[in-house]
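Participant: Questions regarding the structure given below will be posed in turn.
The values are calculated or read from the model by the stated rules, or taken from the named source; none is laboratory data. Just so we're clear, the structure is a prediction, and the values are computed from it rather than from any experiment. Cβ placement follows ideal geometry from the backbone for every residue including glycine, while neighbour counts extend to all protein chains displayed. Each accessible area value is taken on the protein alone, full model and side chains, heavy atoms only, with ligands, DNA and RNA left out. Shrake-Rupley method; radii C 1.70, N 1.55, O 1.52, S 1.80 Å.
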Amino acid sequence: IPVDPFDIVIFGGTGDLSRRKLLPALYHRYLDGQIDDSSKIIGVARTELDRQAFNDLAKKACKAHTENFDEAAWERFSERLHYLTMDATNQDADWGALKSLLAKDTRPVVFYLATTPLIYVDLCQAMARAGLNTPNTRLVLEKPIGTDLASAQAINEGVGAVFEENKIYRIDHYLGKETVQNLLVLRFANTLFEPIWSRHTIDHVQITVSESIGLEGRADYYDRSGAVRDMVQNHILQLLCLTAMEPPNNLDGDEVRTEKIKVLKALQRFTPETAKTHTVRGQYAEGLVEGDPVTSYVDTLSKDNSDTETFVAIKTGLDNWRWAGVPFYLRTGKRMKERRSEIVIQFKPTPHALFKGADQAPNRLVIRLQPDEGMQLYMQVKEPGPGGLRLKSLPLNLSYADNFLVRYPDAYERLLMDVVRGNLALFMRRDEVEAAWSWVDNLLESWHDGNQPLESYAAGTSGPLQSAMLMDRDHREWWESK
Ligand code: BG6
């Protein structure tokens with residue numbers, strides 16, 4: 001699908017996000033013909049670099065994150081790249097140089113803030129003073145937007161004083177993942193599921209985002225943040241919203257976002273007492289991850305100790321009509337045994353056990369977000385053979401890889417092009433971010449007030465024993481991929 005010519009300015013242009021995600025995403029969109037030769041990609045950062053040095057940095061980054069790097073295409077793409085050394089929060093910064101690089105027509109100009117959120121407000125004010133808030137401007141804010149509700153409100157307030165809400169694109173890259181978007185299609189383009197998508201038929205829901213990686217050079221940030229702020233506040237709650245929300249009237253930005261926010265508002269909260277029985281905080285000790293020895297979290301930080309959680313398991317629920325009484329179990333962690341993100345819908349047992357003596361497993365729908373994207377619907381079948389009646393649980397298997405031979409664009413590719421097109425549906429609205437923080441604040445306060453213990457787990461496992469016990473108390477267990 002063609003995209004109109006646009007200019008993009010990346011503040012934090014030499015940073016980790018720019019190198020790992022944004023520049024490779026733009027390169028791929030260029031290869032697919034979605035970036036016009038008149039478009040400019042302008043990196044801005046404090047690092048002293050000339051244009052050639054920025055091109056070299058960008059080339060290295062794109063080579064490292066592209067499967068079929070093409071030299072000739074790179075040469076053409078690199079002509080789109082520009083770089084400005086600039087401390088954009090400084091009153092005396094040279095905004096004139098930036099303005100003279102931008103096109104003078106009415107094309108969209110995307111300002112991507114890939115810096116620390118601490119400077120978002122200053123940066124926006126400086127942009128406004130420089131006259132860069134025009135009808136064509138689109139502002140992209142990376143997570144984390146704040147570290148709690150109050151700081152998120154302060155950022156939203158400050159940015160909102162300069163830019164109108166419909167120009168602000170708050171990114172959660174999980175919403176750009178193919179399989180996450182497929183969740184909407186699965187729920188709302190199939191007649192099969194919607195009638196059974198409720199407490200009448202569903203026993204419980206599990207959402208797991210497990211990672212085998214550790215801190216990846218982000219120790220400072222992570223130790224101040226922890227798994228709840230880093231993963232639950234955004235990605236996991238977004239997955240929960242898409243799983244649980246009511247059908248929107250249409251796919252316009254506000255319709256979808258209004259349905260998601262209703263879910264956030266219905267989420268059950270904790271007290272210090274219920275946090276003890278409904279949640280688990282964990283931190284990894286040394287262990288073996290995919291066969292390789294790894295050091296403990298505190299050793300990675302080169303600290304004597306840390307109270308930051310690298311794992312969390314949560315039992316919650318939604319106080320609303322559709323989901324009353326249905327537990328939602330959420331978990332995420334670093335240095336776990338594998339990289340795997342899944343949503344598991346477990347259905348209720350049949351009302352009457354006809355096949356006495358046979359092992360009867362419940363139906364399950366396993367939506368695999370990554371890796372090996374796809375879906376499996378576990379059914380009960382009769383094992384062949386003349387002996388007694390034996391049942392077996394087997395999946396109807398829909399694998400993306402078997403059905404689609406195309407490359408799946410990275411989430412950032414999709415989202416960046418949505419920004420250019422002005423499509424807000426996959427971005428977070430201010431009230432959504434704040435509702436998510438409000439729920440997270442309550443969880444973190446409950447932990448704090450109740451001195452919630454920090455459980456240890458060996459790196460390379462499924463998390464602390466207490467996480468399995470949380471399920472066991474409900475006579476359930478975490479779904480482990482087969
Ligand atoms: C980021 C978190 O938002 O998401 C990281 O800050 C995490 O800690 C990453 O590793 C996971 O993203 P993905 O796309 O690899 O699942």
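Participant: Leaving out ligands and nucleic acids, and using a 1.4 Å probe, what accessible area per residue does region 135-286 come to in Å²?
Facilitator: I get 38 Å² per residue for region 135-286.
Participant: Where the accessible area of the chain is counted over protein heavy atoms with a 1.4 Å probe, how much of it, in %, is carbon and sulfur? Could the numbers behind the result be given before it?
Facilitator: On the way: 11200 of 21750 Å².
Exposed carbon and sulfur together represent 51 percent of the surface.
Participant: Under the Karplus relation 6.51 cos²θ - 1.76 cosθ + 1.60, θ = phi - 60°, what is the ordered set of whole-Hz ³J(HN,Hα) values for region 229-246, x standing for Gly and Pro?
Facilitator: With the stated coefficients, region 229-246 comes to 6, 6, 10, 6, 3, 10, 4, 5, 5, 5, 4, 4, 4, 5, 6, 9, 5, 6 Hz.
Participant: Roughly how far apart, in whole Å, are the Cα centres of region 385-433 and region 443-482?
Facilitator: 27 Å
Participant: To the nearest 10 degrees, how steeply does helix 149-160 sit against the main Cα axis of the chain, on a 0 to 90 scale?
Facilitator: That helix lies at roughly 40 degrees to the long axis.
Participant: Amide H of T137 versus every other amide H placed in the peptide plane: which residues, excluding those fewer than 5 positions away on the same chain, fall under 5 Å?
Facilitator: V109
Participant: Restrict the search to region 108-214; then list the GluC sites (Glu not before Pro) that DSSP places in a loop and that have at most 16 other Cβ atoms within 10 Å of their Cβ.
Facilitator: Those satisfying the criteria are E164.
Participant: Once you treat every alpha carbon in the chain as an equal point and sum by Debye, what is log10 I(q)/I(0) at q = 0.11 Å⁻¹?
Facilitator: -0.99
Participant: Where does region 146-185 land on Rg(C-alpha)/(2.2 N^0.38 Å)?
Facilitator: Relative to the rule-of-thumb radius for its length, region 146-185 sits at 1.54.
Participant: Quick check: the distance between the Cα centres of region 200-252 and region 39-91, to the nearest angstrom?
Facilitator: 31 Å
Participant: Right, another one. Output the 0 to 90 degree angle, nearest 10, between the alpha-carbon long axis of helix 411-421 and the longest principal axis computed from the alpha carbons of the chain.
Facilitator: Between the helix axis and the principal axis of the chain, the angle is about 50 degrees.
Participant: Expressed as a fraction of 2.2 N^0.38 Å, the rule-of-thumb size for a compact globular protein of N residues, what is the C-alpha radius of gyration of region 4-70?
Facilitator: For region 4-70, the normalised Cα radius of gyration is 1.06.
Participant: With runs of 4+ DSSP H residues as the only contributors, calculate the mean residue ellipticity of the chain at 222 nm using -39,500 (n - 2.57) per run, divided by the residue total and rounded to the nearest 500.
Facilitator: It lands at -9500 deg cm²/dmol.
Participant: Then there's this: Determine ³J(HN,Hα), in whole Hz, for all residues of region 283-295 in sequence, where each value follows from phi through the Karplus function 6.51 cos²θ - 1.76 cosθ + 1.60 and θ = phi - 60°; x replaces Gly and Pro.
Facilitator: 9, 7, 9, 5, x, 10, 10, 6, x, 9, x, 10, 7
Participant: Where in region 391-428 is the amide nitrogen less than 17 Å from a point lying 7 Å along the Cα-to-Cβ axis of N250?
Facilitator: 422-426
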